[in-house]
């Protein structure tokens, strides 16, 4: 292994890498616990898993120069571009151009083979080729993210894609420092900070009310504060070299981002499933269904909603048959994806009804329908972004539906 600094410096970089595991694991946990996952959730889980593996092994490679850990490090690094492409495809709900897919698949196969044969991290030529491949692919993906047709996605989905795009643009320079250092150039490895910034962005992208500005401002504040703290510590210990400032700054950035990820996930969990939702329901206006449904505005995974009654469905044929599309028990929730699958069912009437309800959801840019009342028909349409947690969302909607259904029946009393 090519050394770029003293042993304490390399150890500091390895410790930051290992500490970053907690942040990636915390982000993974909110998706891993879901028993029913959407495509976006499966893709982000795969991506975070690859990042977790990379963070776990590369510190040992830096410290020992072991060929085994070097092969494992670049194995995960070779799979990472494919994981990023799959995640962005799912986020945009569009396939990448065929040329990009061929490039990624060919690059993944070739570099995985070179990594496992212990040639990628030992041959400067192939390491330069890999670095150029990663950088070129990131430029292509960023161009596709920022030049996409925004009309293909809803406003909330566009905000999530923008947040991820900005995060990728900001972290690429951090991640490239790892590759530059492995090429033997004098550089401090701060890629772990970039990985944590990306993990934080995936958590933010799952929240419909988050904005690109929040991601940019948060990351800039973390970078600025970490550099300042790193400079102060370097001055205190009497070593004001740039490398020392960078390494101590990376430590501060790591723990700031770990704290932010933990608090974001913890707050999300409390508001979504814990006493926060229960208190919101307990203090809600239960005189009317419309008044009660304002509790949805306090849920971090709900972007928008609409209450639809029988009078609003006069333009749809056989709208009474909508009831048959919902599960007979449980939360009585059906998703737009499920309806589109049912619209191709052999039963013609069933297919037609499912297609009508799916069209209603698409017209209002909603993703989930909740049956509040069978007769007269009353539906709650909700928009939950594709990056959200579907299982948790359905559980919350089931709780809200139970109260709303009682309010609806109370109007007849």
Could you check residue 65 against (1) at negative phi; (2) at pLDDT below 85 and say which number it fails? (1)
Of the residues 71, 115, 56, 83, which single one is under 19 Å from the mean Cα position of the chain (by Cα) and either surrounded by 21 or more Cβ atoms within 10 Å (Cβ to Cβ) or touching a residue at least 12 places away in the same chain (Cβ under 8 Å) (or both)? 83
Lone qualifier among 109, 113, 104, 100 - being farther than 25 Å from residue 41 by Cα and in a helix (DSSP H, G or I): 113
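Is it the case, given these coordinates, that residue 215 is crowded, with 22+ Cβ neighbours inside 10 Å, under 28 Å from residue 90 (Cα atoms) and in contact (Cβ under 8 Å) with a residue 60 or more places away in the chain?
It is false that residue 215 is crowded, with 22+ Cβ neighbours inside 10 Å, under 28 Å from residue 90 (Cα atoms) and in contact (Cβ under 8 Å) with a residue 60 or more places away in the chain.
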With respect to residue 134, is the statement that it is crowded, with 18+ Cβ neighbours inside 10 Å, under 18 Å from residue 80 (Cα atoms) and either touching a residue at least 40 places away in the same chain (Cβ under 8 Å) or not assigned by TED's automatic domain parsing to the domain that holds residue 66 (or both) true? yes
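If you check residue 140 against the conditions, is it surrounded by 15 or more Cβ atoms within 10 Å (Cβ to Cβ), touching a residue at least 24 places away in the same chain (Cβ under 8 Å) and under 19 Å from the mean Cα position of the chain (by Cα)?
no
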Hits in region 173-202 (condition: part of a helix (DSSP H, G or I) and over 27 Å from the mean Cα position of the chain (by Cα)): 180, 181, 182
For region 278-311, enumerate the residues that are at pLDDT below 65 and over 18 Å from residue 407 (Cα atoms). 300
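Working carefully through the options 142, 183, 120, find the one that is assigned by TED's automatic domain parsing to the domain that holds residue 244 and farther than 27 Å from residue 254 by Cα.
Just one listed residue meets the conditions, 120.
The values are calculated or read from the model by the stated rules, or taken from the named source; none is laboratory data. Note that the structure is predicted; figures quoted are calculated from it, not measured. Here the Cβ is made from the backbone with ideal geometry for all residues, glycine too, and neighbour counts use every protein chain on show.
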